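First up is the structure itself, then whatever we jot down about it.
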Amino acid sequence: KRLKQGLEKTRDDMNYKINDILGNYVKIDDEMMEDLEDLLISSDMGMETTMTLIDRLKETIREKQIQDPKEVKGLLAEEIRAILEGDPERNRLHVEPSPAIILIVGVNGVGKTTTIGKLAYRFKREGKSVLIAAADTFRAAAIEQIETWGERSGTPVISHKEGADPAAVVYDAIQAQKSRNIDVLICDTAGRLHNKKNLMNELEKIHRIIEKEAPDAQKESLLVLDATTGQNAILQAKTFDEVTDLSGLILTKLDGTAKGGVVLPLVQELDIPIKLIGVGEGMLDLQDFSGKDFANALIS
Ligand code: GDP
């Protein structure tokens with residue numbers, strides 16, 4: 001239900017425009033398909049995904065000899081479903097059996113801190129013990145913010161001073177996780193994309209520490225993306241994918257945006273599963289991603 005509510009803007013916007021286009025034509029022709037193409041691109045589906053959708057639509061229309069524009073909406077919904085429904089197992093967060101270490105990466109402002117707070121809260125509700133590592137040492141504000149969220153969710157935070165070596169923070173946090181028998185360690189990191197080489201080195205060093213200090217832990221490396229940035233989110237995902245190994249994506253701020261369509265190119269153009277979605281600012285507004293549910297919430 002939260003998902004349906006969260007995606008309201010995207011859904012209303014898309015449905016309104018689709019109905020508008022289909023209502024303008026008495027029969028399916030090239031011009032109508034071009035209008036549909038424009039609509040999909042303006043809904044942040046990206047060029048590649050839009051072309052795939054349009055090509056598949058045209059093929060079905062030809063095969064089934066469909067003439068009535070009204071039928072196209074159902075066909076489009078089916079194609080969208082086909083792209084989004086993947087293997088649900090791939091979209092699952094792997095944190096069991098304990099211990100688990102989750103690395104959170106992403107540029108400033110995308111909702112990293114909020115997501116870490118929500119995640120910590122979620123694990124606690126599941127009865128797990130949680131620890132946060134404030135390994136975004138680049139900004140003092142980032143350390144303070146993460147400490148605030150730690151307090152809010154009742155989660156201890158391991159931090160060093162501003163400018164400290166992020167890998168050293170992670171190292172200390174892993175030792176604390178071991179000695180306190182903590183189920184899940186969540187590590188915040190600094191996502192300064194403007195210096196790719198530095199970022200790569202920093203993340204590599206953190207990965208090395210984790211591998212060395214906790215070889216048997218369950219590991220996730222998750223990139224947080226802001227859905228409201230549309231095509232920029234795709235670009236960020238591609239760039240981070242070049243810089244580090246990602247095990248999944250978290251897409252935030254899907255509520256209150258009409259850009260939810262960005263999920264399609266993320267699924268189609270990248271081989272990284274979406275694992276979680278943010279649908280609000282509250283502690284409970286973080287959900288597991290289900291392609292099937294998402295497709296159903298997207299079109300009505
Ligand atoms: P960070 O710089 O990446 O750590 O970003 P923050 O966690 O500080 O979040 C930036 C802003 O986005 C804050 O105002 C958050 O409340 C907001 N935010 C984060 N996730 C969501 C979400 O899923 N939905 C909405 N509406 N806002 C969000």
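Specify the angular offset, from 0 to 90 degrees and rounded to the nearest 10, of the alpha carbon long axis of helix 8-23 from the longest principal axis of the alpha carbons in the chain.
Taking the Cα atoms of the chain, the angle to 8-23 is about 20 degrees.
Would you calculate the separation in nanometres between label points at D288 and E204, each defined as 7 Å from the Cα along the Cα-to-beta-carbon direction?
3.6
Calculate the dipole size of region 19-116 relative to its Cα centre from +1 charges on Lys and Arg beta carbons and -1 charges on Asp and Glu beta carbons; express the result in debye to the nearest 20. Write out the running numbers ahead of the final one.
Values: 11 positive and 21 negative charges, 104 e Å.
Charge dipole, region 19-116, about its Cα centre: 500 debye, nearest 20.
I want to check the label-to-label distance for A168 and Y16. Put each point 7 Å from Cα in the C-beta direction and report it in nm to one decimal.
5.4
Mean-square fluctuation check for the chain, GNM, Cα pairs under 10 Å: which of I83, I66, I41 is largest?
Between I83, I66, I41, it is I66 that shows the largest mean-square fluctuation.
Students often check this: by mean Cβ neighbours within 10 Å, which of 165-173, 151-159, 252-260 ranks highest, and how do the rest follow? Present the calculation step by step, with values, prior to reporting the outcome.
On the way: 165-173: 21.0, 151-159: 17.4, 252-260: 22.9.
Taking the mean over residues of other Cβ atoms within 10 Å, the ranking is 252-260, 165-173, 151-159.
I need the calculated FRET efficiency for the pair E96 and R139, taking r as the beta carbon distance and R₀ as 30 Å, to the nearest 0.05. Before the final figure, lay out each step's value.
Values: r = 33 Å, r/R0 = 1.09.
Efficiency, rounded to the nearest 0.05: 0.35.
About the Cα centre, and with charges only on the beta carbon of Lys, Arg (+1) and Asp, Glu (-1), how big is the dipole of the chain? Nearest 20 debye, please. Could the numbers behind the result be given before it?
On the way: 39 positive and 51 negative charges, 214 e Å.
Computed charge dipole of the chain: roughly 1020 debye.
As a test of the formula, what do you get for the chain when each DSSP H run with n ≥ 4 contributes -39,500 (n - 2.57) and the sum is divided by the residue count, at 222 nm and rounded to the nearest 500 deg cm²/dmol?
Working: 12 runs with 154 residues, N = 300.
It comes out at -16000 deg cm²/dmol, rounded to the nearest 500.
With respect to the cross-link table entries K212/K292; K212/K275; K9/K219, which display a Cα-Cα separation exceeding 28 Å?
K212/K292; K9/K219
Extending each Cα 7 Å along its Cβ direction at R180 and E151, get the distance between those two points in nm, one decimal.
The modelled label-to-label distance comes out at 1.7 nm.
Suppose the chain between H160 and E63 were pulled fully straight at 0.36 nm per residue; how much longer would it get relative to their current alpha carbon spacing?
Full extension of this stretch gives 28.6 nm more.
For M47 and E31, calculate 0.36 nm times their separation in residues minus their Cα-Cα distance, and state this gained length in nm to one decimal.
Stretched out fully, the M47 to E31 stretch lengthens by 4.0 nm.
Would you please give the FRET efficiency between L75 and E242, computed as 1/(1 + (r/R0)^6) with r the Cβ-Cβ distance and R0 = 30 Å, to the nearest 0.05?
Working: r = 36 Å, r/R0 = 1.19.
Step by step, r from the Cβ atoms, then E = 0.25.
Quick one: which residues, 5 or more positions from L103 or on another chain, have an amide H under 5 Å from its amide H? H modelled 1.01 Å from N in the peptide plane, none for Pro or chain starts.
Correct list: C187, E220, S221, L222.
For region 62-69, what does the Karplus curve 6.51 cos²θ - 1.76 cosθ + 1.60, with θ = phi - 60°, yield as ³J(HN,Hα) per residue in whole Hz, taken in order and with x for Gly and Pro?
Per-residue couplings from phi come out as 5, 4, 8, 6, 7, 10, 7, x Hz.
Round to the nearest 0.05 the FRET efficiency obtained for N232 and E211 when R0 = 30 Å and r is the Cβ-Cβ distance.
Efficiency at R0 = 30 Å is approximately 0.45.
If you line up the long axis of helix 196-213 against the longest principal axis of the chain, both from Cα atoms, how many degrees apart are they, to the nearest 10?
Taking Cα atoms only, the helix is inclined about 60 degrees.
Each value in this text was obtained by applying a stated rule to the coordinates, not by laboratory testing. The shown structure was predicted, so the numbers you read here are calculated from the model rather than taken from an experiment. So basically every Cβ, Gly included, is an ideal-geometry build from the backbone, and we count neighbours across all protein chains shown.
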